[in-house]
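Peer 1: Take a look at this one; I'll ask things after.
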Amino acid sequence: MCFKTLPLEFDAAGNAQLRGGIPDPYSVSTARPEVHMTEAQRTAQIEKLVERNGHIKDLNMDPVTRIAGSMALHMTADLQEGKYIQAHSQAPLFRGYEVILMGRDPRDATYIASRACGVCGGVHAHAAAYAVEMALDLAPPPMGTVVRNLGETAEMGYDNPLHLYLLAGPDYSEPVIKATNPELWPKAEQWRCPGEKHHGFRTMAEIMTALTPLTGQLYREGIQFTRLAREMFVLFHGKYPHPQTIIPGGVTSTVTLQSLNEYHARLGEIFDYAQRMMAIWNDIPEFFYEADERYKEVGALPMNFVDTGFWDHQDAYDATYKNCNEWGERRWSTPGAIINGELVTTRLTDLNIGLEEFVEHSYYEEWTDGNGNGMRYQTDPLGNPLSPYHPWNKNTIAKPQEKSWKDKYSYSTSPRWDRE
């Protein structure tokens, strides 16, 4: 039994059904913060605190530039206590790719979806191809799956150094640490790196210096190796981040011995680089945990993780929903859901029927009243029940309005699995 919150149970054959005796099985209640003052009153109180106390700072980052999208952060921090009094994040930009895709030729899906991101356009294109293949019962030939896997591998080789060295890395660099946490720098100069034999840096201070934007060794290596990974990707997919050869039913690439050799030569460099990168990023959190134990509390959340898997097996993937549990289990990186530290399922059908998306705090119209009226899909193709809030039942209608942290404030939505 993998569901604890959704009212689903399974028969002996593993088929899901709604638990009996529940009149409104998918009902929800909107959680709103209990406050004893209006938002304007709270804002005024925060402003008075900032004015009276030098250690209380109002911090606004709008936009946050080192992400592949649009994001804003609004925080009030007590620098003396090392705590945030309040913190809010929002996505202030409506992009509307779901709306753009409606009514288009299915062959356009991969090209439009890839524009959703300038960092991970390849996986958006692949996801669109998988969706069209499942809808049309259109399986790619084995070599088509292999070439897709090569592209996804190259994109993984691009995304990781891009994030770790060019987007997130500067936050751990020497100039940032000296400006924001100067007490850490003397500790970094003395802290010996456990992974020195793998990455070559003797102290944490050397790593921080190497992460310095534009001049640091690791920053410049990040630029070099993201280029190398992009070269691998375009050998089979034409260009990056918006590939041209990924289509429903396979790829339109011409694979030659020369292109395979060029890919393989670059893959060897990426493999060695990845091992070194892992050693560096094993050492960085260890230093921060030892320097100040409060860093262990940063981002502390329940151990929940849902992954649909990656890299299909060329002899297993047939693009059908009916067999998705079988071909999902044979992915080179397998699917699964971990809830509170426990692996509760590895079946793709379970991952699908447990998925919901909520918009109570988002700038969108509600697409359901929760009772199932007008649902496009009451069940999946195997007869397993679907929530009115399942993405297959979604209807994206933007509803811009005044920002309110208690009500609607963002163009992001709230996806949940088993409402965790």
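Read-outs: derived from the displayed coordinates by stated rules, not from any lab. Not measured: the values here are computed from a predicted model. Methodologically, a virtual Cβ is constructed for each residue, glycine included, from the backbone with ideal geometry; neighbour enumeration extends over all protein chains shown.
Peer 1: Hey, with R₀ at 45 Å, roughly what FRET efficiency would residue 18 and residue 217 work out to, going by the Cβ-Cβ distance, to 0.05?
Peer 2: FRET efficiency, residue 18 to residue 217: 0.20.
Peer 1: Then there is this: So how far, in whole Å, is the C-alpha centre of segment 126-169 from the one of segment 294-311?
Peer 2: Each part's Cα centre sits 22 Å from the other's.
Peer 1: Now for a separate question. Would you order 324, 120 from fewest to most other beta-carbon atoms within 10 Å of each residue's own beta-carbon?
Peer 2: Fewest to most other Cβ atoms nearby, the residues stand as 120, 324.
Peer 1: Per-residue ellipticity at 222 nm for the chain, helices alone: DSSP H runs ≥ 4 residues times -39500 (n - 2.57), over residue total, nearest 500 deg cm²/dmol?
Peer 2: Taking each H run of at least 4 residues, the total per residue is -11000 deg cm²/dmol.
Peer 1: Where in segment 327-343 is the amide nitrogen less than 19 Å from a point lying 7 Å along the Cα-to-Cβ axis of residue 304?
Peer 2: Inside the label zone: 336-343.
Peer 1: How far apart, in nm, are two points set 7 Å out from the Cα along the Cα-to-Cβ line at residue 358 and at residue 257?
Peer 2: It works out to 5.9 nm between the two label points.
Peer 1: Let me ask another. Only one of the values [x] 66, 60, 40; [y] 78, 47, 39; [z] 106, 51, 34 was calculated from this structure for Cα extents along the principal axes in Å; name its label.
Peer 2: For Cα extents along the principal axes in Å, the calculated option is [x].
Peer 1: Return, ordered by residue number, the residues of segment 148-183 whose backbone nitrogen is under 18 Å from a label point located 7 Å along Cα→Cβ of residue 57.
Peer 2: Once the point is set 7 Å along Cα→Cβ of residue 57, 170-183 turn out to lie under 18 Å by backbone N, inside segment 148-183.
Peer 1: Let me ask another. Could you rank the peptides 131-144, 59-72 by their average count of other C-beta atoms within 10 Å per residue, with the highest value first?
Peer 2: 131-144, 59-72
Peer 1: Count the net charge of all other residues whose Cβ sits under 15 Å from the Cβ of residue 419, scoring Lys and Arg as +1 and Asp and Glu as -1.
Peer 2: -4
Peer 1: Here is a follow-up. In terms of the Cα gyration tensor, with a ≥ b ≥ c the square roots of its eigenvalues, is segment 272-346 rounded because a/c is under 1.5, prolate because a/b exceeds b/c, or oblate?
Peer 2: Taking the square roots of the gyration eigenvalues as a ≥ b ≥ c, segment 272-346 is oblate.
Peer 1: For residue 65 and residue 181, calculate 0.36 nm times their separation in residues minus their Cα-Cα distance, and state this gained length in nm to one decimal.
Peer 2: So the chain would gain 39.6 nm between residue 65 and residue 181.
Peer 1: For segment 141-258, what does the relative contact order come out to in percent, with C-alpha contacts under 8 Å and a separation of six or more?
Peer 2: Answer for segment 141-258 is 32 percent.
Peer 1: Pairs 187/296; 4/406; 57/406: which exceed 25 Å Cα-Cα?
Peer 2: Table pairs above 25 Å Cα-Cα are 4/406.
Peer 1: While we're looking at this one, here's another question. Work out how much length residue 323 to residue 73 would gain on full extension: take 0.36 nm times their residue separation and subtract the Cα-Cα distance, in nm to one decimal.
Peer 2: Extra length available between residue 323 and residue 73 comes to 85.7 nm.
Peer 1: Taking neighbour counts of Cβ atoms within 10 Å as a proxy for exposure, in what order, fewest first, do 364, 321, 165 appear?
Peer 2: In order of increasing Cβ crowding within 10 Å: 321, 364, 165.
Peer 1: Which order do the peptides 7-16, 273-282 come out in when sorted by mean C-beta neighbours inside 10 angstrom, highest first?
Peer 2: Sorting 7-16, 273-282 by mean packing, highest first, produces 273-282, 7-16.
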